[in-house]
Amino acid sequence: MSKYLQYFPADTKDIKHVLDIMSAVYPIDMKLVEEFEAHLLQLMIKKDQILINENEVCEYMYFIVKGALMGCTSHNKQKITTYISVENDFVSSISGLHGSG
């Protein structure tokens, strides 16, 4: 994770929005709601700002409230887009979340 990113407590309406989307798939336990309310963080990044650098371990799962995020890697000195995620998507590093780089 870039050391230049600043996290803040998540807005109540954003927490509710995430939980509403999750509960549409499966009922959400009250304990999970409490954990989300206690630990969910907000992060705002600008266009072209890097969220996670290649080969870094990703410590978080992200949810896109507004905007889009592009994941990419390099192969033979070429940049390859691996995914594009948009609003209401969960996103994380494909390989880095588990420390496998």
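The values are calculated or read from the model by the stated rules, or taken from the named source; none is laboratory data. This is a predicted model, so every value here is computed, not measured. Glycine gets a Cβ as well: all are built from the backbone with ideal geometry, and neighbour counts include every protein chain shown. Areas reflect the complete protein model, heavy atoms only, side chains present, ligands, DNA and RNA absent. Shrake-Rupley method; radii C 1.70, N 1.55, O 1.52, S 1.80 Å.
So that you can scan it fast, the table gives a plain yes or no per residue for (1) at pLDDT 90 or above; (2) closer than 30 Å to LYS16 by Cβ:
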residue: MET44; (1), (2): yes, yes
residue: GLN49; (1), (2): yes, yes
residue: GLU54; (1), (2): no, no
residue: TYR60; (1), (2): no, yes
residue: LYS66; (1), (2): yes, yes
residue: GLY101; (1), (2): no, no
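Output yes when any residue across segment 40-49 is surrounded by 12 or more Cβ atoms within 10 Å (Cβ to Cβ) and more than 16 Å from ASP89 (Cα to Cα), and no when none is.
Looking for residues that are surrounded by 12 or more Cβ atoms within 10 Å (Cβ to Cβ) and more than 16 Å from ASP89 (Cα to Cα), one finds none in segment 40-49, hence no.
If you check ILE28, ILE21, which single one turns out to be aliphatic (A, V, I, L, M), touching a residue at least 40 places away in the same chain (Cβ under 8 Å) and more than 20 Å from SER93 (Cα to Cα)?
ILE21
State all residues of segment 8-56 that are of a type in the set (A, V, I, L, M, F, W, C) and in a strand (DSSP E or B); if no residue qualifies, say none.
PHE8, LEU41, LEU43
Does TYR4 satisfy the criteria of being closer than 29 Å to SER74 by Cα and among the hydroxyl-bearing types (Ser, Thr, Tyr)?
Here the answer is yes, as TYR4 does meet what is asked.
How many residues, within segment 57-94, are open to solvent by less than 60 Å² (accessible area, probe 1.4 Å), part of a loop (DSSP other than H, G, I, E, B) and in contact with a helix residue (DSSP H, G or I) (Cβ under 6 Å, 6 or more places away or on another chain)?
Final tally of qualifying residues: 1.
Name every residue in segment 14-39 that is open to solvent by 90 Å² or more (accessible area, probe 1.4 Å) and within 17 Å of the chain's Cα centre (by Cα), in order of residue number.
Residues satisfying the conditions are LYS16, GLU37, HIS39.
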